[in-house]
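Colleague: Supplied in structure tokens, the structure appears directly below.
Quick note: the coordinates plus some simple rules give every number you see, no bench work behind them. Because the structure is predicted, anything quoted here is derived from the model rather than measured. All Cβ positions, glycine included, derive from the backbone under ideal geometry; neighbour counts span all protein chains shown.
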Amino acid sequence: STEELQSIYQFAVQLGKDAGQLLLQSVKSRYGSTDTKPSHSQEFVEKDNAVDLVTKVDEEVEAFIKHRVSIEYPSHQFIGEETYSKGASRNYLIDERPTWCVDPLDGTVNMIHIFPMFCVSIAFIVDHKPAIGVVYAPFVDQMFSACKGRGAWMNETQQLPLVRNPIPPMPASAPKGCIFSFEWGKDRRDSPDGNMQRKVESLVNMAAEIGSRGGKGGMVHGVRSLGSATMDLAYCAMGAFDIWWEGGCWEWDVAAGICILQEAGGLVTTANPPDDPLKAPIEPAKLGSRLYLAIRPAGPSSDESARQGQ
Ligand code: IPD
């Protein structure tokens, strides 16, 4: 019911904040104020390959989240990045059962390299679709959240849960140009850059085209890569990024961000550049797609902006 979902949402937001504090404590204990010299000595081990890394804190925070969920909602399913990586449930399944899908630390490489864009990402999935998304980046104190049918929020001041500002729509005075974002992913089987160099050209062209069709002009103002798929999606929801693409994501990398973007009115498709979702209709992405292309929420149409400006 709506009330049930609302109460799960409140629980998920608080859980995101608490888990985020654990991430922050871990960073501070390594690079804290008493130790003025940042160090790269964060302990980590390689998973599938030399760019797929896990730290001790990934595992600890996942255990913390899993425990809290199991006490509050013992009948719900749980899928977490680290549980999966350890081979506990290689044949996991997201089905119609209520399922928590968690990345305790999205942006592990960032944390290891002392780049502040890392977050805890918590999604609650019902009937294969993300119904709640919570993305909390403790270092920059940014909380994004969404609850299906109710909208998405951003809270820069980290006030009490549910006291937030709605994610703003694209202002009529949006810049005449766009920022696009993509991730290099972790697949290095074909070449050290995972073939991204070849992808980038078509992504730039597509970004320019999407920018001009969206009324923002064909100029690419900048290219970004946050190093956290779920934050990239939240940044699209916020309107900071116009489009984002990545190939090779897992559900926990994107589920919360997808919920936030969709609730903000954005689009997530399975397009693989140079496929252009505006040229030919492309299926909305389902969890498990692996390839995702996201487009920011549309701004007001020019008619609407003209009316608003009157
Ligand atoms: C990774 C990040 C990265 C993306 C990878 C993800 P992790 O998650 O989201 O931006 O390129 O595909 O696996 O390992 O930091 O949790």
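Colleague: Counting Lys and Arg as +1 and Asp and Glu as -1, what is the net charge of the other residues whose Cβ lies under 10 Å from the Cβ of residue 291?
Modeller: Values: positive: 290; negative: 246, 275.
With Lys, Arg at +1 and Asp, Glu at -1, the net is -1.
Colleague: Further question: Collect residues whose amide H, placed 1.01 Å from N in the peptide plane, falls under 5 Å from the amide H of residue 80; neighbours closer than 5 in sequence don't count.
Modeller: Counting only residues 5 or more places away or on other chains, the set is 102.
Colleague: In terms of modelled amide H atoms, which long-range or inter-chain residues lie less than 5 Å from the amide H of residue 152?
Modeller: For residue 152, whose amide H was placed from the backbone, the distant partners under 5 Å are 167.
Colleague: Amide H to amide H under 5 Å from residue 224: which residues, 5+ apart in sequence or cross-chain, H placed 1.01 Å off N in plane?
Modeller: Here 180, 181, 182 satisfy the definition.
Colleague: So if we plug the beta-carbon distance of residue 70 and residue 282 into 1/(1 + (r/R0)^6) with R0 = 35 Å, what FRET efficiency do we get, rounded to 0.05?
Modeller: Values: r = 38 Å, r/R0 = 1.08.
About 0.40, to the nearest 0.05.
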